[in-house]
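A.B. asks: Shown below is the structure under consideration.
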Amino acid sequence: MFVSDCLEANEQNHLTIGGLDVTELAAEYKTPLYVLDEETIHRNCKLYTDSMAQFYDGNGLVLYASKACCTMTLCKLIASEGMGLDVVSGGELYTAKKAGFPMERVYFHGNNKTRPELELALSCGVGQIVVDNRDELLLINELWGNAGKRADILFRIKPGIDAHTHDFIMTGQIDSKFGVALETGEAMEIIKEAASLPHVQVVGVHCHIGSQIFDLEPFCTAAEVMVNFMADVHDALGLTLTRLNLGGGFGIPYTPQDDPIPYNAYMQAVSRVVKETAASRMLPLPYILMEPGRSIVASAGITLYTVGNIKEIPGIRHYLSVDGGMCDNPRYMLYEAEYDFVIANRCTDPKTATYTIAGKCCESGDLLGENIPLQQAQRGDILAVLATGAYNYSMASNYNRIPKPAMVMVKDGKSRVIVKRETYEDIVRNDCE
Ligand code: LLP
């Protein structure tokens with residue numbers, strides 16, 4: 001009935017997550033509120049790790065792309081699953097370190113890592129750096145050299161694949177700020193140069209073609225292109241790269257119309273391509289890395305708001321305003337991202353009304369969705385937005401000096417705060433008088 005398995009309706013016709021009545025969560029923790037179901041995250045992790053075991057003999061590691069949602073609790077949870085972590089900034093790395101995440105399982109990404117971020121990575125003992133460009137390569141060689149160490153690096157490659165997704169979240173094509181291009185020879189050149197440097201060891205290559213992708217084909221093409229490139233590197237430079245990081249990007253259902261690929265189908269198809277291509281090029285099978293972010297946490301999350309004013313503009317539309325908005329979820333503004341909405345305190349009533357859901361920020365474009373079918377709503381109702389576990393909290397801002405919501409984790413019929421609600425004091429904390 002709802003897009004995510006952890007959501008149900010109880011006898012009071014209230015929405016539940018992980019068995020807990022969300023109206024009670026809203027009353028206890030106030031709104032806006034992010035809620036995550038721990039069981040769903042564990043289940044999603046297991047789907048990936050099991051399919052890696054089944055179709056690729058476990059010869060790889062699933063990394064959680066922490067940009068989707070990064071908190072210390074989540075880092076600990078991912079560590080407990082035996083998975084690795086993709087971090088893309090000093091802040092994500094610091095969070096992982098504070099959470100005690102095993103640094104050898106961390107991959108440090110980013111198209112413009114700063115010197116202080118790289119110094120942090122060096123001092124933390126980050127396992128692998130995914131190098132984006134030549135300047136960065138030289139800086140890593142210098143920093144690791146000064147410390148008498150050698151960095152294990154992968155190169156971010158633009159495989160030249162057109163993934164069918166929103167322009168802003170498509171990254172594998174040649175006109176992208178990320179990585180080095182294959183078809184121009186840039187990638188081969190930089191690997192050749194890296195192989196001559198004393199303080200880096202090139203262990204592999206990485207690609208990420210985009211996000212929220214529903215097709216198998218671009219993933220398979222990317223895998224084939226990348227394995228062929230590894231073979232080309234072997235033939236041209238005599239260098240055997242052992243790791244192939246295929247990135248993330250697996251689509252999830254935000255609305256009932258969305259029809260994502262089952263992970264198993266993905267893993268099976270991509271494993272076959274990797275195995276066949278490696279065999280045809282006489283390349284040893286690479287150790288594979290995958291980097292799902294959204295598909296680990298999105299379906300585990302919901303956001304709860306309290307409905308405020310409802311404004312009818314006759315003949316035009318009904319605006320329903322909530323106590324959050326673009327400050328806790330900018331995805332509709334940025335990508336016209338679609339969500340499923342439910343009045344949580346009458347969750348199985350038919351959706352006979354249509355609203356445009358407006359946030360409280362001083363910005364006309366501050367909307368969470370337009371022309372949304374919904375139960376008839378009134379002030380004080382609890383509105384739930386579904387599948388918000390990824391790229392909501394992690395993309396939140398303090399626009400209009402609005403404090404960020406709390407995040408609560410539910411498990412075994414109990415709830416606990418994993419991120420405290422910001423206070424006005426937090427808002428002025430770094431202001432100088
Ligand atoms: N690996 C790399 C190198 C990435 O750049 C990304 C996402 C991922 C893995 C994880 O992708 P996922 O499995 O979550 O699709 N803010 C956008 C999404 C941006 C994704 C950026 N990179 C959104 O809200 O849709």
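The values are calculated or read from the model by the stated rules, or taken from the named source; none is laboratory data. It should be emphasised that the depicted structure is a prediction, and the values quoted were computed from it without experimental measurement. Using ideal geometry, Cβ is built from the backbone for each residue, glycine included, and neighbour counts are taken over all protein chains shown. Areas reflect the complete protein model, heavy atoms only, side chains present, ligands, DNA and RNA absent. Shrake-Rupley method; radii C 1.70, N 1.55, O 1.52, S 1.80 Å.
A.B. asks: Give the shape of the range 7-89 as rounded, prolate or oblate, defined through the alpha-carbon gyration tensor: a ≥ b ≥ c are the square roots of its eigenvalues, a/c under 1.5 means rounded, and otherwise the shape is prolate if a/b is larger than b/c and oblate if not. Intermediate results must be reported in sequence, preceding the final value.
C.D. replies: On the way: a/c = 3.83, a/b = 1.82, b/c = 2.10.
Oblate shape, in that a/c is at least 1.5 and b/c is the bigger or equal ratio.
A.B. asks: Just to be sure I follow: if Rg is taken over the C-alpha atoms of the range 240-358 and Rh is the Kirkwood radius over the same atoms, what is Rg/Rh? Before the final figure, lay out each step's value.
C.D. replies: On the way: Rg = 21.6 Å, Rh = 18.3 Å.
Reported Rg/Rh, Kirkwood definition of Rh: 1.18.
A.B. asks: Between ASN111 and PHE214, how many nm apart are label points set 7 Å from Cα along the C-beta direction?
C.D. replies: Using points 7 Å along Cα→Cβ, the separation is 2.6 nm.
A.B. asks: What's the local net charge at THR240, with K and R +1, D and E -1, over the other residues with C-beta under 15 Å away? Write down the numbers at each step before the final one.
C.D. replies: Working: positive: LYS192, ARG243, ARG281; negative: ASP152, ASP232, ASP235.
For residues surrounding THR240, the net value is 0.
A.B. asks: Each residue of the range 407-417 in turn: what ³J(HN,Hα) in whole Hz from Karplus with 6.51, -1.76, 1.60 and θ = phi - 60°, glycine and Pro shown as x?
C.D. replies: Once rounded to whole Hz, the list reads 10, 10, 9, 10, 7, 6, x, 10, 10, 8, 6.
A.B. asks: A further question follows. Kyte-Doolittle cut-off 0.0, length cut-off 24 Å along the helix's own axis using Cα: show which whole DSSP H helices in the chain pass.
C.D. replies: Span-like helices, by this rule, are 217-237.
A.B. asks: Identify, among ILE316, CYS327, VAL297, the residue whose Cα sits farthest towards the positive end of the charge dipole of the range 277-336, taking +1 on the Cβ of Lys and Arg and -1 on the Cβ of Asp and Glu, with the dipole about the Cα centre.
C.D. replies: The residue sitting most towards the positive pole is VAL297.
A.B. asks: With Kirkwood's inverse mean 1/r over C-alpha pairs for Rh, give me the Rg to Rh ratio of the range 340-397, two decimals please. Before the final figure, lay out the partial values.
C.D. replies: Values: Rg = 12.3 Å, Rh = 12.5 Å.
Looking at the range 340-397, the ratio lands at 0.98.
A.B. asks: Still on this structure, please answer the following. Taking the Cα centre of the range 380-433 as origin, sum charge times position over the Cβ atoms of Lys and Arg (+1) and Asp and Glu (-1), and report the length of that vector in debye to the nearest 20.
C.D. replies: Details: 8 positive and 7 negative charges, 58 e Å.
My answer is approximately 280 debye.
A.B. asks: Using only C-alpha atoms and all pairs of different ones, pull out the Kirkwood radius for the range 29-158 in Å with one decimal.
C.D. replies: Working: mean 1/r = 0.0633 Å⁻¹.
The Cα-based Kirkwood calculation yields 15.8 Å.
A.B. asks: For the pairs LYS98/LYS275; LYS46/LYS97; LYS67/LYS311, flag any whose C-alpha to C-alpha distance is greater than 30 Å. Each step should come with its number before you reach the end.
C.D. replies: On the way: LYS98/LYS275 38 Å; LYS46/LYS97 23 Å; LYS67/LYS311 36 Å.
Beyond 30 Å between Cα atoms: LYS98/LYS275; LYS67/LYS311.
A.B. asks: Could you tell me whether the range 292-433 comes out rounded, prolate or oblate from its Cα gyration tensor? Rule is a ≥ b ≥ c as square roots of the eigenvalues, rounded for a/c under 1.5, then prolate if a/b exceeds b/c, otherwise oblate. Display every interim value, and only then the final one.
C.D. replies: Numbers: a/c = 1.69, a/b = 1.24, b/c = 1.36.
Here the range 292-433 falls in the oblate category.
A.B. asks: Sticking with this structure for a sec: First check a/c for the chain, with a ≥ b ≥ c the square roots of the eigenvalues of its C-alpha gyration tensor; if it is under 1.5, answer rounded, and if not, answer prolate when a/b is larger than b/c or oblate otherwise.
C.D. replies: Values: a/c = 2.06, a/b = 1.74, b/c = 1.18.
Verdict is prolate for the chain.
A.B. asks: Another question, if that's okay. To the nearest µm²/s, what D does Stokes-Einstein give for the range 85-226 at 37 °C and 0.692 mPa s, using the Kirkwood radius over alpha carbon pairs as Rh? Working shown, then result.
C.D. replies: On the way: Rh = 15.6 Å.
D, rounded to a whole number, is 210 µm²/s.
A.B. asks: Same structure, new question: Using packing as a proxy for protection, rank 354-367, 213-226 so that the peptide with the highest average count of other Cβ atoms within 10 Å comes first. Don't skip to the answer; put the middle values down first.
C.D. replies: Details: 354-367: 18.1, 213-226: 19.6.
Output ranking for 354-367, 213-226: 213-226, 354-367.
A.B. asks: Sticking with this structure for a sec: Any idea what the relative contact order of the chain is, in percent, if you count C-alpha pairs under 8 Å spaced at least 6 apart?
C.D. replies: Once divided by the residue count of the chain, the mean separation gives 19 percent.
A.B. asks: Ignoring any ligand, DNA or RNA, what whole percent of the accessible area of the range 124-259 comes from carbon and sulfur when the probe is 1.4 angstrom?
C.D. replies: On the way: 2570 of 5410 Å².
Roughly 48 percent of what the probe reaches on the range 124-259 is carbon or sulfur.
A.B. asks: Percent of Cα-Cα pairs per 10 Å bin, from 0 to the last occupied bin, for the range 22-67, please list those.
C.D. replies: With 10 Å bins starting at 0, P(r) equals 22, 33, 23, 15, 7.
A.B. asks: Using +1 at the C-beta of Lys and Arg and -1 at the C-beta of Asp and Glu, which of LEU85, CYS6, ALA26 has the Cα lying farthest in the positive direction of the dipole of the range 1-90?
C.D. replies: After comparing all options, I get LEU85.
A.B. asks: Here is a follow-up. Got a number for carbon plus sulfur as a percent of the range 1-122's accessible area, 1.4 Å probe? Please report the intermediate quantities before stating the final value.
C.D. replies: Numbers: 2350 of 4770 Å².
Ligands and nucleic acids excluded, carbon and sulfur give 49 percent.
A.B. asks: Averaged per residue, what accessible surface does the chain expose to a 1.4 Å probe, in Å²? Walk me through the numbers on the way to the answer.
C.D. replies: On the way: 18140 Å² over 433 residues.
Computed with neighbouring chains in place, this is 42 Å² per residue.
A.B. asks: Still on this structure: Say the dipole of the chain comes from +1 at the beta carbon of Lys and Arg and -1 at that of Asp and Glu; which of LEU237, MET395, THR71 then lies farthest toward its positive end?
C.D. replies: Most positive-ward Cα: THR71.
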